[in-house]
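Remarks on the structure that follows.
Coordinate-derived values only; no laboratory data. Computed from a prediction, not measured in an experiment: that's the story for all the values here. Every residue, glycine among them, receives a Cβ derived from its backbone with ideal geometry; neighbour counts consider all protein chains shown.
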Amino acid sequence: MVSIDVEELIGHGCARIHDSMTVDYTAAHPNLGNLSITITGPGGPYHYNLPPVGPDVHGQVTDLRDVANNAVAVSSLPKCSYLLAASIDLLLTTGDSVPLPISDTIAFTTE
């Protein structure tokens, strides 16, 4: 399983993101593969650099990056709607195929 949340939206689901965005993430499974957290929307995609994944991983990230891995200030995102998505691979196989990644998504708007 993988789950994400945005600190600035906890208890205020319809709030808009202004100057910062803290993404909480959790993933748990004995055979986790690569974890990615991305944002799609105007000027994107954007991503977060994440530490290596173990059987159970959790943390927070605030360091938003563009496709060239340059830092992006959340306050510089154009006023619009975005999708924040986490995706994690499972290191499993049926012998014939590999399961699709598990994901979680949150929509938000900037101001």
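Before moving on, here are some points about what is shown:
- Placed amide H near Leu50: partners under 5 Å, 5+ positions off or other chain: none
- The residue among Asn69, Val6, Thr26 whose Cα reaches farthest toward the positive pole of the charge dipole of the chain, with charges on the beta-carbon of Lys, Arg, Asp and Glu, is Asn69.
- Separation of alpha-carbon centers, the stretch 49-110 and the stretch 18-38, rounded to whole Å: 6 Å
- Pair-distance distribution P(r) for the stretch 6-111, from all Cα-Cα distances in 5 Å bins starting at 0: 2, 11, 22, 23, 17, 12, 7, 4, 2, 0 percent.
- Charge context of His47, other residues only, Cβ under 11 angstrom, K/R +1, D/E -1: -1
- Neighbour net charge for Cys80 - beta-carbon separation under 14 angstrom, K R +1, D E -1: +1
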